[in-house]
1. Residues that are more than 21 Å from A:Pro308 (Cβ to Cβ): list the helices (runs of 4 or more DSSP H) wholly contained in region A:168-281 that include at least 2 such residues.
2. Checking the structure you have, find out if any residue of region A:243-256 is assigned by TED's automatic domain parsing to the domain that holds A:Ile307, within 29 Å of A:Ile49 (Cα to Cα) and not acidic (Asp, Glu).
3. Given the conditions (1) in contact (Cβ under 8 Å) with a residue 40 or more places away in the chain; (2) on the phi < 0 side of the Ramachandran plot; (3) buried (at least 21 other Cβ atoms within 10 Å of the Cβ), and given that B:Thr199 satisfies all but one, which numbered condition is not satisfied?
4. Hey, could you check region A:4-42 for residues that are surrounded by 20 or more Cβ atoms within 10 Å (Cβ to Cβ) and facing another protein chain (nearest Cβ under 7 Å) and say which is nearest to A:Ile171 (Cα to Cα)?
5. From the list B:Ser132, B:Ser141, B:Ser127, which one is of a type in the set (Ser, Thr, Tyr) and closer than 30 Å to A:Glu96 by Cβ?
6. Condition test on A:Gly51, is it under 23 Å from the mean Cα position of the chain (by Cα), in a loop (DSSP other than H, G, I, E, B), touching a residue at least 40 places away in the same chain (Cβ under 8 Å) and farther than 27 Å from A:Tyr382 by Cα?
7. Here are some residues: A:Val155, A:Val151, A:Val146. Which one is more than 9 Å from chain B (Cβ to nearest Cβ), surrounded by fewer than 24 Cβ atoms within 10 Å (Cβ to Cβ), within 20 Å of A:Asn24 (Cβ to Cβ) and among the hydrophobic types (A, V, I, L, M, F, W, C)?
8. Would you be able to say whether some residue in region A:345-363 is assigned to a helix (DSSP H, G or I) and either small (Gly, Ala, Ser) or over 20 Å from A:Asp164 (Cα atoms) (or both)?
Amino acid sequence: MRAVTWQGRHKISVETVPDPEIVNPRDAILRVTSTAICGSDLHLYDGYIPGMRAGDIVGHEFMGEVVETGAGSTLKKGQRVVVPFTISCGQCFFCERQQYSACDNSNPSETRDASELMMGHAMGAAFGYAHLTGGYAGGQAEYVRVPYSDVGPVVIPDDLPDDDVLFLSDILPTGWQAAVNADIEPGDTVAVWGCGPVGLFTIQAALLLGAGRVIAIDHFPTRLALARKYGAEVLDYTEVNVREALDEMTGGIGPDACIDCVGMESHGFTVDNMLDHVKAKLYLGTERPHALRQAILACRKGGQLSIPGVYGGFADKFPLGQLMEKGLTVKSGQTHVQRYTGELLDMIRDGEFDTVSLISHHAPLEDAAEMYRHWHDEQDSYTKIVLKPGLQKGAIEAVQEMEHA
Amino acid sequence: MSYFTHRTNPDPFLLAAAGVGLAAAGVGLALWQRRRKADKPAFPTDAPHWTKERKSDRALFGKSLLVNRPREELFAAWDVKRFPEFMENVVAVEEAGDGISRWTIKGPAGREITLVNRITETAPGESIFWQSTPDSDIANSGEVRFADAPNGRGTYVSLILAYDPPGGTLGRLGAKLLQREPEVQARRDLHRFKQLMETGEVTSNASPSARASETPTQPHI
């Protein structure tokens, strides 16, 4: 089959590789119909996530048709399913408590040692990501093997098109959990750093969960325009002093909840970020947490700090005293996707989310290398890319002309 | 031209003296630390014995895992016949009667090693102790222990093993690098036991990649 492979920093190539096979009774094999490129794939692309190996098949947002099942799978051939990016057994201590991304069994014994050494405890597994999270082949491919297929995959009714439901795999539940973790009370002001796909779903989720207003922070006009379309007030951080603006918009107390949808690769021409850039270049550090630092300083005393943004290791110049003295509550973590997919599918059916208008491009799987480049370099016009294994090479569709704010 | 181009090489005698000084300071610090520890009366610890800093003259280690199944079920599953299902380095186990079993295991560099162990004590539902016999290639002893975890969380399963590493500490390090050292193997086997008991299968990341050396049905690191 053809598959998108990671070959090194800024090197993605589409290769012919062996087809996946059923290995365990609970496995299923899917023929992938849609697979998206995620913001966290950029951390792999930029070489910031340790534990990748040349030749790994990437991709953790995907859906497809069941073509083969193991004896223990509950899926049936021909069913359309969306697959959570987190691989979870459903039966360990963590899965029983719905902390699916902390699954204690999905990271196999061969790869969990390094993960344990680095994190203190081995992380749960994910598709198409570093070997610290299991080293499973991803879904940016024609076919993919899905372990524990009786627990994760969400069966999709035939009348719902791929674009409506594909993001149940990661970014929609991730935005939802980000807002749930912010413990929003009716009327709260919620500030969201980053208007990438996760930020855009966080905005929608925060409003659905009762936020009085959402203030979104970014610098790409197209992304800010989408944020406004989904109901947020927007701040372009290259135009305004973000902290001053947030204070002045909240009577001086700051937002009740601050959500970092940026993660380890903050943009922004600030002293702390320049220093972080230098350290990253010299391999002295991986984290560039400018947005998180700003969120801590901006948050109201006793407020909520939710961190869906991905970080890889140790951060410095971290405002710990500020966090403590202001008495912030911090919630974070990879998304417990399986906990939310059922209710979110119902909400999609009821039209409560706009899951489609952030997609800027549909492209053939064969053009993945070019698409990664665009996704990395042209974040204004490329707001979400969906790869289709079925399309002929070169058949790239820009879904719409983005309206600028 | 100036200051910068005029750099002279540092005096080698001075460098050597600095090195000796640093080494002496290091040795001094270590001795001081040791004396400080010796002076401090040991307070009896509640920590498992295998987590103490100075454990034993033999290679001793232990690993405990929370397994989300009832204790009796796990004890029953810890059966010689089922070992090849989750012990990856075990080629075969034959029971020779009288609690004695002969184990053929994979050693470093493709060698096969024979262990002959005798069960010395069994507390049904709780623990099994064993000790190697003189025929064993490697002298070893160990224990597997099952204890109820609090609040109905399942069972703490502990595997404790001591052995005389062939080739001493260096040999052990070498075997670790080759991923064929008993501690590495036992820890991984215990995880596989947990996976098998909780999920009904041993977790595998076997999947395709663009690496010619791998197949889609074999697990990889």
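1. Where helices (runs of 4 or more DSSP H) fall fully within region A:168-281 and carry at least 2 residues being more than 21 Å from A:Pro308 (Cβ to Cβ), they are A:221-229, A:242-249, A:271-281.
2. No, region A:243-256 contains no residue that is assigned by TED's automatic domain parsing to the domain that holds A:Ile307, within 29 Å of A:Ile49 (Cα to Cα) and not acidic (Asp, Glu).
3. (1)
4. The qualifying residue nearest to A:Ile171 (Cα to Cα) is A:Thr5.
5. Answer to the selection: B:Ser127.
6. Numbers: under 23 Å from the mean Cα position of the chain (by Cα): yes; in a loop (DSSP other than H, G, I, E, B): yes; touching a residue at least 40 places away in the same chain (Cβ under 8 Å): yes; farther than 27 Å from A:Tyr382 by Cα: yes.
When the stated conditions are applied, A:Gly51 passes them.
7. Details: A:Val155 fails: within 20 Å of A:Asn24 (Cβ to Cβ); A:Val146 fails: surrounded by fewer than 24 Cβ atoms within 10 Å (Cβ to Cβ).
Only one candidate passes the filter, namely A:Val151.
8. Looking only at region A:345-363, we keep the residues that are assigned to a helix (DSSP H, G or I), and these are A:345-349.
Now restrict to residues that are either small (Gly, Ala, Ser) or over 20 Å from A:Asp164 (Cα atoms) (or both): none.
No, the conditions are met nowhere in region A:345-363.
The values are calculated or read from the model by the stated rules, or taken from the named source; none is laboratory data. Predicted model only: the values in this text are computed from it and were never measured. Because the Cβ atoms are built from the backbone with ideal geometry, glycine has one as well, and the counts that use them run over all protein chains shown.
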